[in-house]
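Laboratory data are not the source of any read-out in this text; all were calculated from the coordinates shown. Everything numeric here is computed off the predicted structure, so don't read it as measured data. Glycine gets a Cβ as well: all are built from the backbone with ideal geometry, and neighbour counts include every protein chain shown.
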Amino acid sequence: MKNYWDQGISFEEYIRIGRERLENPSNQQEIEYKQYYELGLQRMDRTLKKYVPDEEQVKELASKNFDGKILIISEAWCGDASATVPALVTFFEGHNDVKIFLRDSDKSLINQYLTNGTESIPKVLILDKDFNVKNSWGPRPKYGYELLMKHKADPEAYPKDSFYNDLQLYYAKNRGKDAVQEILELL
């Protein structure tokens, strides 16, 4: 796991790479994902402006004496990631080191943490100080997962567009609080 950690990047580098891929796509996927990079970067910017760590959650983190690290498997084009990664990075800033591992740069890491057989992101790996994985979380908070299951159970009654709309409204209102809480419970 230390190898993956060493390959991880800072949140600032993650944003820079996302902008670079948006402005100067270097492959077919980056061209096809242009609108997703644009949306993801806008949402991350909004989250960074609006997110304020909850004082009770900060106290809870302190009470856990967690001395490990947070490694987030992600990509800037991902809608779920754009809603949660900035909040997580901001929340843990000054308390624990956080790095981001670009999922598409090396699939060997995400393939160890598949969600129902898929490479869904973000995936948060909670590492102890010796780089052992204590726990993992992702790709979305429980409420987002419930919305997805509602869509999958009856896509005609709850179509994909409605699911995406409801999910983004939830993310905009929740501002990462549920994701932080769920991760705190795993520390």
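Yes or no: Asp97 within 18 Å of Gly8 (Cβ to Cβ) and acidic (Asp, Glu)?
Values: within 18 Å of Gly8 (Cβ to Cβ): yes; acidic (Asp, Glu): yes.
Yes; evaluated as a whole, the condition is true for this residue.
Yes or no, residue by residue, for (1) among the β-branched types (Val, Ile, Thr); (2) in contact with a strand residue (DSSP E or B) (Cβ under 6 Å, 6 or more places away or on another chain); (3) within 30 Å of Lys129 (Cα to Cα):
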residue: Lys34; (1), (2), (3): no, no, no
residue: Met44; (1), (2), (3): no, no, yes
residue: Glu60; (1), (2), (3): no, no, yes
residue: Lys69; (1), (2), (3): no, yes, yes
residue: Arg103; (1), (2), (3): no, yes, yes
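Where residues in the stretch 151-180 are of a type in the set (Gly, Ala, Ser) and part of a helix (DSSP H, G or I), which of them is surrounded by the most Cβ atoms within 10 Å (Cβ to Cβ)? Reasoning before the result, please.
Quick first cut of the stretch 151-180, residues of a type in the set (Gly, Ala, Ser) only: 153, 157, 162, 172, 176, 179.
Next cut, part of a helix (DSSP H, G or I) only: 153, 162, 172, 179.
Numbers: Ala153: 9, Ser162: 14, Ala172: 13, Ala179: 26.
Among them, the one singled out is Ala179.
Across the stretch 72-85, what is the number of residues that are assigned to a helix (DSSP H, G or I) and of a type in the set (A, V, I, L, M)? It would help to see each step written out before you state the result.
Taking the stretch 72-85 as the starting set, the residues that turn out to be assigned to a helix (DSSP H, G or I) are 79-85.
So of that shortlist, the ones also of a type in the set (A, V, I, L, M) come out as 81, 83, 85.
Residues that pass the stated criteria total 3.
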